[in-house]
Amino acid sequence: MKNKIFTALCILFGLMMINSGLNKFLNYMPMPKMSEEMMQVMAGFMAIKWIFPLVAIIEIIGGALIAIPMTRALGALVILPVMVGIFVHHLVHNLAGIGVALILFAINIWVIVVNWYKYQPIIKGE
């Protein structure tokens, strides 16, 4: 049962990341109402022309990798920097969205913990 829940959460996590990445390219989901501070943050991101496409590509690749059981360990590492950014962003700028960010971050950490043995050769330098 635990394995089925884990697999379902990983697939949902992957689909959410893929959706988020595709939305950065296709803009099919409406933007929520933002505060003045958030508008300034978004303007800063928009000024750096390459940041959104880079994050979108990482979200799509990481989401696809984490949804597939055979590549899940790699996907968890690929998407981790983006998840840290999402979590810190919500913690600092948009506390209302921290719940979803925390759940997604926890799923990402859970995948890393479950696959920890796969990272041992990298850590040990083998």
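The values are calculated or read from the model by the stated rules, or taken from the named source; none is laboratory data. Keep in mind it's a predicted model, so treat the numbers as computed, not measured. All Cβ positions, glycine included, derive from the backbone under ideal geometry; neighbour counts span all protein chains shown.
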Tell me whether segment 91-101 contains one or more residues that are part of a loop (DSSP other than H, G, I, E, B), more than 17 Å from Phe6 (Cβ to Cβ), out of contact with any strand residue (DSSP E or B) (no Cβ under 8 Å at 6 or more places or on another chain) and touching a residue at least 12 places away in the same chain (Cβ under 8 Å).
yes
Close pairs (6 angstrom Cβ cut-off, 6 or more residues apart or separate chains): of a type outside the set (Ser, Thr, Tyr) in segment 32-48, part of a helix (DSSP H, G or I) anywhere:
Phe45/Ile51
Failed condition for Phe6, given (1) loosely packed, with under 12 Cβ neighbours inside 10 Å; (2) part of a helix (DSSP H, G or I); (3) among the aromatic types (Phe, Trp, Tyr), with all others met?
(1)
Take Ala76 and decide whether it is surrounded by 15 or more Cβ atoms within 10 Å (Cβ to Cβ) and closer than 22 Å to Leu9 by Cα.
yes
From the residues in segment 79-97 that are surrounded by fewer than 16 Cβ atoms within 10 Å (Cβ to Cβ) and of a type in the set (A, V, I, L, M, F, W, C), which one is nearest to the chain's Cα centre (by Cα)?
Val84
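Keeping to segment 55-110, report how many residues are under 30 Å from Ser35 (Cβ atoms) and among the hydrophobic types (A, V, I, L, M, F, W, C). Can you show your working first?
First pass over segment 55-110, keeping only residues under 30 Å from Ser35 (Cβ atoms): 55-60, 62-63, 79-109.
Then keep just the ones that are among the hydrophobic types (A, V, I, L, M, F, W, C); that gives 55-58, 60, 79-80, 82-84, 86-88, 91-92, 95-96, 98, 100-107, 109.
Residues flagged as under 30 Å from Ser35 (Cβ atoms) and among the hydrophobic types (A, V, I, L, M, F, W, C) within segment 55-110 amount to 27.
Based on what the data block shows, is Val41 modelled with pLDDT of 95 or more, among the β-branched types (Val, Ile, Thr) and assigned to a helix (DSSP H, G or I)? Even if it seems obvious, please write down each step before you answer.
Working: modelled with pLDDT of 95 or more: no; among the β-branched types (Val, Ile, Thr): yes; assigned to a helix (DSSP H, G or I): yes.
When the stated conditions are applied, Val41 does not pass them.
Kindly establish whether Ile66 is more than 16 Å from Trp110 (Cα to Cα), free of Cβ contacts under 8 Å to residues at least 60 places away in the same chain, crowded, with 18+ Cβ neighbours inside 10 Å and of a type in the set (A, V, I, L, M). Before you say what the answer is, go through the steps one by one.
On the way: more than 16 Å from Trp110 (Cα to Cα): no; free of Cβ contacts under 8 Å to residues at least 60 places away in the same chain: yes; crowded, with 18+ Cβ neighbours inside 10 Å: yes; of a type in the set (A, V, I, L, M): yes.
Considered against the rule, which asks whether it is more than 16 Å from Trp110 (Cα to Cα), free of Cβ contacts under 8 Å to residues at least 60 places away in the same chain, crowded, with 18+ Cβ neighbours inside 10 Å and of a type in the set (A, V, I, L, M), Ile66 comes out as no.
Out of all the residues in segment 70-106, which are of a type in the set (S, T, N, Q) and touching a helix residue (DSSP H, G or I) at 6+ places or on another chain (Cβ under 6 Å)?
Going residue by residue through segment 70-106, those that are of a type in the set (S, T, N, Q) are 71, 94.
Passing the criteria: only Thr71.
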